[in-house]
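The structure appears below as structure tokens.
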Amino acid sequence: MADRGVDLSALPKEVRDQLAELDLELSEGDITQKGYEKKRTKLLAPYIIQAPAPPPQNDVRPPAPSSSSHAAPPSSSSRYRERRSRRTHRSGGTRDDRYRSDIHTEAVQAALAKHKQEKMALPMPTKRRSTYVQSPINTRTPPDESSARRQSSVAAPPPSHLQSPETWANRSAQGSSTSSSASSTLSHGEAKPGQGQPQPQPQYKPQYQPLYQPHHQPRAAAVTDMLAQSRIAPSENSAPPPDVTAVAPPSRGPRVDLPSNAVVRGMSRGQSRSSMMETADGVPVNSRVSTKIQQLLNTLKRPKRPPLSEFFTDDSEEIVEVPEPDPNTPKPEGRQIIPVKGEPLGVVSNWPPALQAALARWGATQGKSPALTALDITGKPLYTLTYGKLWSRSVKLAYTLLNKLGTKNEQILKPGDRVALVYPNSDPGMFWVAFYGCLLAEVIPVPIEVPLSRKDAGISQVGFLLGSCGVGLALTSEICLKGLPKTPTGEIMQYKGWPRLKWVITDSKYLTKPSKDWQPHIPTANTDPAYIEYKASKEGTVVGVAVSKVAMLTHCQALTQACNYCEGETLVNVLDFKKEMGLWHGVLTAVMNRIHTISVPYAVMKACPLSWVQRVHIHKARVALVKCRDLHWAMMAHRDQRDTSLASLRMLIVADGANPWSVSSCDAFLNVFQSHGLKPEVICPCATSPEAMTVAIRRPGVPGAPLPARAILSMGGLSHGVIRVNTEDKNSALTVQDVGHVMPGALMCIVRPDGPPQLCKTDEIGEIIINSRAGGTMYYGLPGLTKNTFEVIPVNANGVPIGEIPFVRSGLLGFVGPGSLIFVVGKIEGLLMVSGRRHNADDLVATALAVEPVKTVYRGRIAVFSVTVFYDERVVIVAEQRPDASEEDSFQWMSRVLQAIDSIHQVGLYCLALVPANTLPKTPLGGIHISDTKQFFLDGSLHPCNILMCPHTCVTNLPKPRQKQPVGVGPASVMVGNLVAGKRIAQAAGRDLGMIEDQDLVRKLCMWPTVMVRATAWLAYVLIGVLFLRLVRQGVTVGTATCVQLHKRAEKIAAALMEKGSINTGENVVLLYPPGIDLIAAFYGCLYAGCVPVNVRPPHPQNLAATLPTVRMIIDVSKAACILTTQNLMRTLRSKEAAASVNIKTWPTIIDTDDLPRRRPPQIYKPPTAEMIAYLDFSVSTTGMLTGVKISHAAVSALCRSIKLQCELYSSRQIAICLDPYCGLGFVLWCLASVYSGHQSILIPPFELESCLSLWLSTLSQYRIRDTFCSYSVMELCTKGLGTQTELLKARGVNLSCVRSCVVIAEERPRLALSHSFSKLFKDLGLSSRAVSTAFGSRVNLAVCLQGTTGPDPCTVYVDMKSLRHDRVRLVERGAPQSLPLMESGKILPGVRVIIVNPETRGPLGDSHLGEIWVNSPHNASGYYTIYGEESLQADHFNTKLSFGDPQTLWARTGYLGFVKRTELLDASGDRHDALFVVGSLDETLELRGLRYHPTDIETSVSRAHRSIAESAVFTWTNLLVVVSELCGSEQDALDLVPLITNVVLEEHHLIVGVVVIVDPGVIPINSRGEKQRMHLRDSFLADQLDPIYVAYNM
């Protein structure tokens, strides 16, 4: 800083003046930090002593001067006044430096210093530069520099005392998304930079699928080892791992099946995966992301505040129970409070019978006496309204309102009607006339703020107030009316939620003078409403408090007595004259006592903060009405003005003196102005509320008498609602000043704020309630709310009412101190109830502001509120960030606020958000509109520029992690249990396959080609039509083939294989073809030649780097002897681009089948047994594992027959297939089923839909197709792309009424929402709601279920999600909370038997129990195709037996969880139908907190959280849940998603999200079946390849 080595007190007076002025500018946001530093340095330059060498970079800099650093009182200067009048943008507000307290600032700094000793590095969020628009150019650093710097700052190992593994291990659930042995998080991050040798790491490998590891390239390992040793981020030019997701980000691009990164790159069998790119804990070395995750884990290792015994237990299905109370909680010990009585209200003989009568009296007798002086914007008097003028104008207005606003016979207004008063703060005169005019006309005025635009904060709620009060007429001034927003036709805009209003101008020239005989009717004050004052509740609703005529009068009398007002005094009013103190003192009591009021509007205060002090001096005012903000501004703007004297003041009423943080403002103001004649005893804080009106006010003291004592309370005690004098920790003390005694004529009690209004004990904090004639009478038009507030009867400890007098709730929290003095510690609306403890929003604001925010946020622009998440209130702080604050500064400030609030208030913050300057909704006088801010936060429309979520710290009511029971249950007990309970074993079977009559068919099928030749000859004779069709855009057929043509092409290929490839029988041949007839011909050509076809998806020409390694891997794993492909693909395989990704010199023989000579093979191969392998089926699972299964000739025959029976596929049938033909059931339907059944197939490659979305649907319509098969990705494309175009399709003649069954082929839980959307959207095109159904297959059995043409419709059940997490099924009704709809996965195929088995005991389960689906079927796969022949894995997955029950049958384990339920429906044979429900893949489940979660359930919740979330995926990493969401909105929405995602996962799944990653659309990788590849996404994230928009690390 510039003032190092400068003694400020020794500087000349002018320099000190200028420095103080600079400080003020900075604190109010009128100058940037940079400008401040520059000017300050320039001022101090001549006085600087030669400074020592600059400190090292990481030293803690002294805090920037806060807005309260008071220089010596400087002299006044005209230049200063001129500048202040020019300045308009002052960041004022109701929440400003009234929170300032030097003692509290010291306490906060002490607490932070304590934290610093045990400093924890918090991981900073990762943000794409474009997201942070605010950051100025000079604060940015080049990416490589900043990442290296960030790396070094976060990689430092934390202190050893924070790394106790037990605390973390006890709390964190073991397990990760794919590994049965959870990776430990304990040892990571403790290695010194020089000792980064990799340690053995459990492989991320599913329970069921082998991991293929071909040979490794040594260079990558060497580089990685070097990185592991040095722990340095790689430089820009080092080659990153292949970016497998960077496929044209805007659209999802071609869908590719990708194994996870490490698998794609491959390695030799002996190596551990960790030697490739991971350190000891599976974290990639070069990854910023992983370092941050580790840092987050280290941060989370700190034990949470409540010990484990306090955690909630999840014994039953219910989630949360109330925790056991802490025996050490302080409890109130005093006796029950006795109601406190105010002094009696004196009776004065000349008091008027009504307030209007007082005005009439002064208007007649003291007409020249000044009533009101208004100031212009510069603070000079604009006009003075005398009592005579006020009376005459008010009478004119009353006459006009009653007689001139309608026809002679039908007046618009009658006495008792409500009218809105809409006047700006700068025009008190017009308001006074309007208010008293209404009183004289006996209509009820409802003063409201001037609406400036349709987007004003809370504007619709003001409409609610006007509606509930039945307002139809608004009074305003001509100038104000001109300024209101208008429609293009010139009418006043209709505001959202407002009733239709008629506007009336009340300027004198538009009023009619009444005839001489007309006099307003002034009755004696009664209980009819006199006026309605608006009040905003904590939730933001605006209600109207009705004040009766007698209450208005009595309140004026009580104020006159309490404040000792005298006739003819002068009063300066800085408050809003439309409501509360400004109205009660400055408009009503003033007229009663003929006081001259000088009104100082907010705009004048902004331009010239000293104006009210000058007015007191000039007019020798006796009373001033101010807020702490005005004291603070006057003090900051104060110059040593010898001509200013405050000696005339006998009362300085501090309207918000009830705020505990007002003490410091009052003290500081007194400190500065005591030398100007301000007497200490004139400062009079008071406590008020719209409902109870004035509750208490300190009476003006006797000169020289001792000032009242103050209470120094323990904040810990206050949070438990008890009064304890603070003794132990001075950091968490709250100093409170009294607000004087109860009002004259009032009776006051203190009751508990929650539950029945039970009287508090003397040392207990409660809500102040008042019984008085001078208070509000009701919420106008809202009788229900009124009863709870205005008709409260306190009860004693036994619940017995203490009397019959009703009290009014004041909304103030406080207690009665010695001498019946009232102390207020907060408001109900600022109360945050967190885990049973009370915290005051104002206290939290004060602590946040004490963390020296000058460089980061605006002092007066902070909102604190609570949101309810997971059965408790969570504290949220939102502040406006300065435009010149750097991201590092902001993050550091946020971290320090967290620590300070944690230290001082012992409460964890849930969320801390910084928004750009001037974006928070404001109240009319510049404060923050809290309820609107909260709504923006919950709606995801706050648009923060920085956010820090801390759910790990503050969510302490999660259920205890589940402890799994040991698996030691014997088979007998389980069986007996089943039988006793009357449960049937959960098994189901399809109908008989009828194998007996077909034995010779199987034998023939083993000799496939012979049958093929016969079939072709027969079909060529019977079928004139086409056997296979290939369609491209606009329904044009681009390729057809009959069986004969296919047979001949297959023969050519077989001959080429034998000649060119010199292939031996039984060798594997890779087929690399785009979807089409060539692929089918090549498949049969391989069978003719006696070799085993391996179907592989060709690499994508635009994305070879990502897709070619997978092709290479399958070729290496299958040890293929030859590749059959097209000319184009052959060129691709040998291109330079391919050479960049793989070694192209080691391809096996490549045969191009485009132009083969006409040759026939010497013989057609006949397999000796049906168990010989027909083909290999390779597929990448969603967990990123590449698996190949062996399919025998017998399995092919059985499967084709099974499908033929189920779907009734006869030779006359036509089916349309829109599936990828590379694996699973898609391949079977594309290549095998037609040849077996002889039906005609129309083939539509799914990628064609990207260029012509309607291709599939128009083909169905054109060929009148009855049965069609598709994938979820096709269905999603149609739903999203054509959903809005159904009318257009109808106009083109698309009609889907012909479709009988549309089967989705999948290896996952049915996507019910997508199926329903598809059915609903295309119902208009004739699609039957019963047509859409699903199939289910797995690696061990390609087709377990398939909805056929006969049998009952698929049924849907609703399952309790909580029970699913416990591996149980509990069926609930539709619409039950936490219910999950599950659809049956199709009918079980003929010849298939399934049984539900406990995966751990391997014993059968009962009906409706969740377990693993095991399958027995003639078309099960024969085993995994592995290089090394892992027999144990084969036996475990393909030939396993039950541990009891039926130990003979051999079953295959599908690896999917599900259950069987017997339904009431009947199947074809007349038996009750057994439905199979698939819940999800075991490999994909996430084990968290001892419970089992299915990613799709969490993803569904996340996608519902905000309209801008397109798609999401979840995975775990070192026990942290990571949520990746694609943002389809603008990038400014990115940070809004973080709290919403965290909230929804916590609410619906009872999990805390560890990391939230926001990415561009299309980043989440999806395979050809439309399934998310989560493990692949995880690898990309950890390798820092996603280019995320934002990464938030939740604390």
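The values are calculated or read from the model by the stated rules, or taken from the named source; none is laboratory data. Please read all numbers here as calculations on a predicted model, not as lab measurements. Neighbour counts run over all protein chains shown; Cβ positions are idealised from the backbone, glycine included. What goes into the accessible areas is simple: the full protein's heavy atoms, side chains included, and nothing from ligands, DNA or RNA. Shrake-Rupley method; radii C 1.70, N 1.55, O 1.52, S 1.80 Å.
Among the residues making up the range 1367-1400, those that are surrounded by fewer than 22 Cβ atoms within 10 Å (Cβ to Cβ) and acidic (Asp, Glu) are ASP1367, GLU1373, GLU1400. The residues in the range 1031-1066 that are modelled with pLDDT under 60, on the phi < 0 side of the Ramachandran plot and either of a type outside the set (Lys, Arg) or assigned to a strand (DSSP E or B) (or both) can be counted, and the count is 2.
A quick yes/no check of all residues on (1) buried (at least 24 other Cβ atoms within 10 Å of the Cβ); (2) closer than 30 Å to VAL15 by Cβ; (3) modelled with pLDDT of 95 or more:
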site	(1), (2), (3)
HIS555	yes, no, yes
LEU571	yes, no, yes
ASP576	no, no, no
ILE595	yes, no, yes
ILE598	yes, no, yes
TRP612	yes, yes, no
ARG629	yes, yes, no
ALA637	no, yes, no
LEU652	yes, no, yes
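Residue-level check: of (1) surrounded by 14 or more Cβ atoms within 10 Å (Cβ to Cβ); (2) part of a helix (DSSP H, G or I), PRO447 misses just (2). Here the condition is being in contact (Cβ under 8 Å) with a residue 40 or more places away in the chain, within 21 Å of VAL1544 (Cβ to Cβ) and surrounded by 18 or more Cβ atoms within 10 Å (Cβ to Cβ); of HIS943, HIS952, it holds for HIS952 alone.
When GLY1470 is tested against (1) free of Cβ contacts under 8 Å to residues at least 24 places away in the same chain; (2) open to solvent by less than 10 Å² (accessible area, probe 1.4 Å), exactly one condition is not met: (2). When THR644 is tested against the conditions (1) among the β-branched types (Val, Ile, Thr); (2) in a loop (DSSP other than H, G, I, E, B); (3) within 46 Å of the chain's Cα centre (by Cα), the lone failure is (3).
Exactly one residue out of SER1234, SER1212, SER1202 is open to solvent by 10 Å² or more (accessible area, probe 1.4 Å), touching a residue at least 24 places away in the same chain (Cβ under 8 Å) and either farther than 19 Å from TYR1073 by Cβ or in a helix (DSSP H, G or I) (or both): that is SER1212. Selection over the range 1449-1491 of residues that are hydrophobic (A, V, I, L, M, F, W, C), out of contact with any Ser or Thr (no Cβ under 9 Å at 6 or more places or on another chain) and within 18 Å of GLY1348 (Cβ to Cβ) gives a count of 2.
Within the range 1241-1269, take every residue that is of a type outside the set (A, V, I, L, M) and out of contact with any helix residue (DSSP H, G or I) (no Cβ under 7 Å at 6 or more places or on another chain) and give me the one that is most open to solvent (accessible area, probe 1.4 Å).
Taking the range 1241-1269 first, the residues of a type outside the set (A, V, I, L, M) are 1241, 1245-1248, 1250-1252, 1254, 1256, 1258-1259, 1261-1264, 1266-1269.
Subsequent filtering for residues that are out of contact with any helix residue (DSSP H, G or I) (no Cβ under 7 Å at 6 or more places or on another chain) retains 1245, 1247, 1250, 1261, 1263-1264, 1266.
Numbers: PRO1245: 0, PHE1247: 99, GLU1250: 111, SER1261: 16, TYR1263: 57, ARG1264: 131, ARG1266: 98 Å².
Checking each candidate, the answer is ARG1264.
Tell me, which residue of the range 1513-1540 that is among the hydroxyl-bearing types (Ser, Thr, Tyr) and out of contact with any strand residue (DSSP E or B) (no Cβ under 6 Å at 6 or more places or on another chain) is most open to solvent (accessible area, probe 1.4 Å)?
Step one: list which residues in the range 1513-1540 are among the hydroxyl-bearing types (Ser, Thr, Tyr), which gives 1516, 1518, 1525, 1530.
Filter again for out of contact with any strand residue (DSSP E or B) (no Cβ under 6 Å at 6 or more places or on another chain), leaving 1518, 1530.
On the way: THR1518: 2, SER1530: 57 Å².
Applying the filter and picking the extreme gives SER1530.
Being in a loop (DSSP other than H, G, I, E, B), acidic (Asp, Glu) and more than 51 Å from the chain's Cα centre (by Cα), is that true of even one residue in the range 402-423? Within the range 402-423, one or more residues are in a loop (DSSP other than H, G, I, E, B), acidic (Asp, Glu) and more than 51 Å from the chain's Cα centre (by Cα). When the residues of the range 683-731 are filtered to those that are among the polar types (S, T, N, Q) and open to solvent by less than 10 Å² (accessible area, probe 1.4 Å), the one that is farthest from PRO660 (Cα to Cα) is THR694. The one condition from (1) modelled with pLDDT of 90 or more; (2) of a type in the set (A, V, I, L, M, F, W, C); (3) in contact with a Lys or Arg (Cβ under 8 Å, 6 or more places away or on another chain); (4) farther than 22 Å from GLY836 by Cβ that VAL851 does not meet is (1).
Taking the residues in the range 859-868 that are modelled with pLDDT of 85 or more and in contact with an Asp or Glu (Cβ under 6 Å, 6 or more places away or on another chain) as candidates, determine which candidate is surrounded by the fewest Cβ atoms within 10 Å (Cβ to Cβ).
Per the stated criteria, the residue is SER866.
Quickly run through the range 499-546 and pick out the residues that are acidic (Asp, Glu) and surrounded by fewer than 18 Cβ atoms within 10 Å (Cβ to Cβ).
The initial filter retains those residues of the range 499-546 that are acidic (Asp, Glu), namely 507, 517, 528, 533, 539.
The answer is ASP507, ASP517, ASP528, GLU539.
Okay, residues lined up against (1) under 30 Å from HIS1494 (Cβ atoms); (2) β-branched (Val, Ile, Thr); (3) touching a His at 6+ places or on another chain (Cβ under 6 Å):
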position	(1), (2), (3)
SER1241	no, no, no
SER1251	no, no, no
SER1271	yes, no, no
LEU1282	yes, no, no
GLY1293	no, no, no
ARG1300	no, no, no
VAL1304	yes, yes, no
HIS1316	yes, no, no
LYS1323	yes, no, no
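Does the range 674-682 include one or more residues that are open to solvent by 40 Å² or more (accessible area, probe 1.4 Å), free of Cβ contacts under 8 Å to residues at least 24 places away in the same chain and part of a loop (DSSP other than H, G, I, E, B)? Spell out how you get there, then give the answer.
Initially, the range 674-682 is screened for residues open to solvent by 40 Å² or more (accessible area, probe 1.4 Å), giving 674-675, 679.
Within this subset, residues satisfying the condition of being free of Cβ contacts under 8 Å to residues at least 24 places away in the same chain are 674.
Imposing the further condition that a residue be part of a loop (DSSP other than H, G, I, E, B) reduces the set to none.
Checking the range 674-682: not a single residue is open to solvent by 40 Å² or more (accessible area, probe 1.4 Å), free of Cβ contacts under 8 Å to residues at least 24 places away in the same chain and part of a loop (DSSP other than H, G, I, E, B).
Filter the range 1490-1540 down to the residues that are acidic (Asp, Glu) and more than 13 Å from the chain's Cα centre (by Cα), then identify the one that is farthest from PRO959 (Cα to Cα). Residue satisfying both the conditions and the ranking: GLU1531.
Filtering ASP902, ASP842, ASP889 for residues that are touching a Lys or Arg at 6+ places or on another chain (Cβ under 6 Å) and open to solvent by 10 Å² or more (accessible area, probe 1.4 Å) leaves a single hit, ASP889. Screening the range 923-968 for residues that are in contact with a Ser or Thr (Cβ under 6 Å, 6 or more places away or on another chain) and modelled with pLDDT under 85 and picking the one that is farthest from SER1443 (Cα to Cα) gives GLY927. Selection over the range 363-419 of residues that are without any contact (Cβ under 8 Å) to a residue 60 or more places away in the chain, surrounded by fewer than 14 Cβ atoms within 10 Å (Cβ to Cβ) and β-branched (Val, Ile, Thr) gives a count of 2.
Close Cβ contacts (under 7 Å, 6 or more residues apart or on different chains) running from residues in the range 479-497 that are in contact (Cβ under 8 Å) with a residue 12 or more places away in the chain and open to solvent by 50 Å² or more (accessible area, probe 1.4 Å) to residues that are assigned to a loop (DSSP other than H, G, I, E, B) and charged (D, E, K, R) comprise LYS496/ARG454.
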